[in-house]
Amino acid sequence: MSDPFELNDDLPFEPLAPKPAAAAPPVPAAPPVWLEKLNPEQRQAVETTEGPVLVLSGAGTGKTRVLTTRVAWILMNRRARPWQVLAVTFTNRAAREMRERVMHLVGPSAEAVWLGTFHAISVRILRRNAELVGLKSNFTILDSDDQIRLLKQLMEVDNIDSKKWPAQALMGVIQRWKDRGLTPDKVGGQGGSDFADGRAVALYRAYQERLRTLNAADFGDLLLHCLTLFQSRADILGEYQEQFHYVLVDEYQDTNVAQYLWLRLLTQKHRNLCCVGDDDQSIYSWRGAEVGNILRFEKDFPDAKVVRLERNYRSTPTILAAASHLIAHNEGRLGKTLRTGLENVEQGAPIKVRGVWDGAEEARWLVDEIETLQRAGHALDQIAILVRAGFQMLEFEERFITTGVPYRVVGGPRFYERLEIRDAVAYLRLIQQPEDDLAFERIINKPKRGLGDTTIQKLHILARAQGVSLMEASQRISETDELRPQARTALANFARDMERWRSLRETTLPAEIAAQVLEDSGYIDMWQKDKSPEGPGRLDNLKEFVSGLDEWENLGGFLDHVSLVMENDANAGEAGVTLMTLHSAKGLEFDTVFMPGWEEDIFPNRRALDESGEKALEEERRLAYVGITRARRRAFISFAANRRVYNQWQSSIPSRFVEELPKENIEQESDPGLYGHRGGGGDWPGFNDTAGARSGAGIRRRMGFTDGATYEAKERVSTNEFRIGDRVFHQKFGYGIVEGIDDSKLEISFDKAGRKKVLDSFVEPST
């Protein structure tokens, strides 16, 4: 089978020829009220029921309303019985919402509509035909933990080194194959087949055989088995093709290849396929989504009707104009321009684009803006901060905690609650307090040190019997013959490492200790070898964690701070600012949206560009478009001239997306002294010169760097000359007196926080 992933490849199906036009059933003389409430484009999308239809639905244009009304229109006009309509969504929540809306329009008959996620519909089909794909009807659907455990067993049998070739990485390879609709015999030379020295395909085959033996399937199998069923049994496929007169699909831009093939097979007879989606909001390629599915719809269906929904009922005209201008830079799109669908709406405030000196200053400015909005009566739960990557959240969380502004993290745990951060903190806790048994238990086998449950149980028994900590018990037992040589060696090495790291506390700053611990312990290496989608993000979080330690002089103070942070969760019923990634924000909306970190290498993301080039750049731009269109009334974009990455300062340049925003719809600001500026409007140096902006040459020259230079410890020429005895103010530590000066570092005795070393760029003279 040819790979339909690329637009220029041969299609797996020939374009379907139009079927003869059928006589339309009579339309009621008086259209229902709910149909009259639609705008002309929405109504066209609803009433064009026959043949293939592509509804290009821009952000905030009412796609859910179109989908549900279309189902109701089909049922009300008796074009099909409820069980002859198939409506497919991506989430259970969307499916429930659609069903409730349809039932509200046409009554209980909507219960019989086949409405659900791709996986739910596939399970329903497979339960009826399981024997035809080698399963029983009561087959089990495995969760991710069971899948990994099963793969590990197979890899052990095949003598594959799980440290060099993690099971999670193999699972990722297999799922990508399943997303493409590839069974083991169809993989060929697909990406990932070189895993474990070319044994990935054999492991995939063994995995599938083992699943059948267990009468089990994973989530990727649900569609894959359906494809196998449809392709091998024409009679079964024919039954479902005959049954489903109308097929509707939500979020078509997010479909993968397997879902694309599944839909094409089911709709070959009646061809009444309605796909609703937005090519400008396709942002999930890392999950297997293929924007090409929606881009080639008219090639697949030459007689397709394309309806563009461009009337936005969410945002101000200014926000819509900026978003449309930005996304127009993408070449791989079908094209549409958002305009307001609201009556008597004001133009709206321009998008504020602000340049700041560094990440800490960005957090201070952003939270100050939020507090100003709050004092003006703006509800906090209508404010969102949207970041490109999770590691960016730390500075904002710290600032919220310092100022007491309530917040909530959506789509994941708070920074210090993340698995990798808890592990890192546990290492530091054990260094600070060797009797911390909970910390010992958490990290003694992270990364794997060959210590099994039996060894850990013996440690507990010895610790209780002798009244000592697990750390002390591990040292004592490693000097005996109670354990296997491998376990004794591992415990002895761990104890020596702990003593060495503990000895650094008096002479080494916490950030340096943490960096050394994470490196020497193999913890960083463990995540570098992890090929799961979460691996790179966990590494970024660890880098941000180490950077955040730079403000602390001793481990004890930092660990006390973490304990207070963990206890400082916002009350469940308290409204707070929403902090989330841009990917998690899709489908949501807020009155005010802040988008920090619009810098090259962060946004667009350097790793994505290195892996996929121009294709990734266009997806990053779609992500920016999604972010802007989440805002109803106000949008703020910011970038910093400097970022601390893994405890090193690096100069940054504004994202190319900042340059692509229309000047008439934005208000430019910058901090005094930034790039030689004094704030207000105008252009940033090197900003309008495309080559200069993207290479950073213009900005770097103004800042005194050669191209590619790293901004090290001497990161800022202070705008103030401090002297010993000066009274100063620090945003985090408060007021204090300068007692020592070492180049750009100040030693300050703070009124409440005690004696600390800080950089002069974070300090202001007290007036």
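Under a model in which nothing but the beta-carbon of Lys, Arg (+1) and Asp, Glu (-1) is charged, the chain shows a dipole of about 2120 debye around its Cα centre. The residue list Gln432, Pro302, Phe219 was ranked by how far each Cα lies along the charge dipole of the chain toward its positive end, using unit charges on Cβ atoms, and Pro302 comes out on top. Sorted largest first by accessible area at a 1.4 angstrom probe radius, with every protein chain in place, the residues Glu435, Glu417 fall in the order Glu435, Glu417.
May I ask which residue of Ala196, Phe230, Trp177 lies farthest towards the positive end of the charge dipole of the range 147-291, with charges of +1 (Lys, Arg) and -1 (Asp, Glu) on Cβ and the Cα centre as origin? Positive-most Cα among the choices belongs to Ala196. The spacing between the range 215-267 and the range 93-109, judged by their C-alpha centroids, is 23 Å.
Rolling a 1.4 angstrom probe over the protein heavy atoms with all chains in place gives the chain an accessible area of 43 Å² per residue.
Taking amide H positions as modeled 1.01 Å from N, with prolines and chain starts lacking one, the residues under 5 Å from Ser57 and 5 or more places away or on another chain are Gly277, Asp278, Leu309. Placing +1 on the Cβ of every Lys and Arg and -1 on the Cβ of every Asp and Glu, with nothing else charged, gives the range 400-482 a dipole about its Cα centre of roughly 440 debye. Computed from the C-beta positions of Ala112 and Asp185, the FRET efficiency with R₀ = 41 Å rounds to 0.60. The chymotrypsin sites (Phe, Trp or Tyr not before Pro) found in the range 584-616 include none that occupy coil by DSSP while having at most 13 further C-beta atoms within 10 Å.
The trypsin sites (Lys or Arg not before Pro) of the range 41-122 that meet both conditions, a loop assignment by DSSP and at most 16 other Cβ atoms within 10 Å of the site Cβ, are Arg78.
With the simple model of a label 7 Å out from the Cα in the direction of the Cβ, Ser744 to Asn159 spans 5.6 nm. Hey, if you drop one equal point scatterer on each alpha-carbon of the range 316-376 and run the Debye formula without solvent, what base-10 log of I(q)/I(0) do you get at q = 0.14, 0.27 Å⁻¹? The Cα Debye sum returns log10 ratios of -0.65, -1.05. Accessible area per residue (1.4 Å probe, heavy atoms of protein chains only) ranks His325, His730 as His325, His730, with the largest value leading. Here is the link list: Lys615/Lys663; Lys543/Lys757; Lys543/Lys586; Lys531/Lys757. Which ones come out longer than 31 Å on Cα distance? With Cα atoms farther than 31 Å apart: Lys531/Lys757. When we measure straight from the Cα of Lys752, which lysines land under 23 angstrom away, once same-chain ones fewer than 8 places off are left out? In chain and number order, the partners are Lys732.
Rounded to the nearest 500, the 222 nm mean residue ellipticity of the chain from helices alone is -13000 deg cm²/dmol, with -39,500 (n - 2.57) taken per DSSP H run of at least 4 residues. Evaluated with a Cβ-only charge set (Lys, Arg +1; Asp, Glu -1), the range 67-113 carries a dipole of roughly 120 debye about its Cα centre, given to the nearest 20. With θ taken as phi - 60° and the Karplus curve 6.51 cos²θ - 1.76 cosθ + 1.60 applied, the whole-hertz 3J(HN,Hα) list for the range 311-327 is 8, 8, 10, 10, 10, 6, x, 4, 5, 5, 5, 5, 5, 5, 5, 5, 5 Hz, x standing for glycine and proline. Spin-label pair Ile401-Ser766: with each label point 7 Å from Cα along the Cα-Cβ axis, the two points sit 2.5 nm from one another. Taking amide H positions as modeled 1.01 Å from N, with prolines and chain starts lacking one, the residues under 5 Å from Glu739 and 5 or more places away or on another chain are Gly725, Glu747, Ile748, Ser749. Modelled spin labels at Glu417 and Leu295, positioned 7 Å past Cα toward Cβ, are 3.9 nm from each other. Rg and Dmax of the range 329-431, based on Cα coordinates, read 18.7, 64 Å. Once the Cβ-Cβ distance of Lys448 and Ala753 is raised to the sixth power relative to R0 = 41 Å, the FRET efficiency obtained is 0.55. Roughly speaking, to the nearest percent, how much of the chain's 1.4 Å accessible area is carbon and sulfur? Exposed carbon and sulfur together represent 47 percent of the surface. For the range 338-352, backbone phi angles converted through the Karplus equation (6.51, -1.76, 1.60; θ = phi - 60°) give residue-by-residue couplings of 6, 9, 6, x, 8, 8, 6, 8, 6, 4, x, 5, x, 6, 7 Hz, Gly and Pro being listed as x. Most simply put, the chain has about 30% antiparallel DSSP beta bridges, counting only bridges with both residues inside it.
Grouping the Cα pair distances of the range 383-529 into 10 Å bins from zero gives a pair-distance distribution of 10, 34, 30, 17, 8, 1, 0 percent in increasing distance order.
Full extension of the segment from Lys136 to Ala202, taken as 0.36 nm per residue of separation minus the current Cα-Cα distance, would add 21.3 nm.
Which shape class, rounded, prolate or oblate, goes with the chain when its Cα gyration tensor gives a ≥ b ≥ c as root eigenvalues, a/c under 1.5 marks rounded, and past that a/b bigger than b/c marks prolate? Here the chain falls in the oblate category. Calculated FRET efficiency, Glu553 to Glu479, Cβ-Cβ distance, R0 = 35 Å: about 0.45 to the nearest 0.05.
Separation of the range 387-429 and the range 510-530, taken as the distance between their Cα centroids, equals 19 angstrom. Given axes a ≥ b ≥ c from the Cα gyration tensor, I'd like to know whether the range 160-208 is rounded (a/c under 1.5), prolate (a/b larger than b/c) or oblate. The shape class here is prolate. When the Cα gyration tensor is reduced to axis lengths a ≥ b ≥ c, the ratio a/c is 1.5 or higher for the range 375-432, and with a/b above b/c it is classed as prolate. Under 5 Å from the amide H of Thr340 lie the amide H atoms of Asn312, each residue being 5 or more positions distant or on a separate chain, with H modelled from the backbone and absent for Pro and chain starts. The distance separating the Cα centre of the range 459-507 from that of the range 41-90 comes to 66 Å.
The values are calculated or read from the model by the stated rules, or taken from the named source; none is laboratory data. These numbers come from a predicted model, not from an experiment. Please note: Cβ atoms are built from the backbone with ideal geometry, for glycine as well, and neighbour counts cover all protein chains shown. Just so you know, the surface numbers come from the protein's heavy atoms only, side chains and all, with ligands and any DNA or RNA stripped out. Shrake-Rupley method; radii C 1.70, N 1.55, O 1.52, S 1.80 Å.
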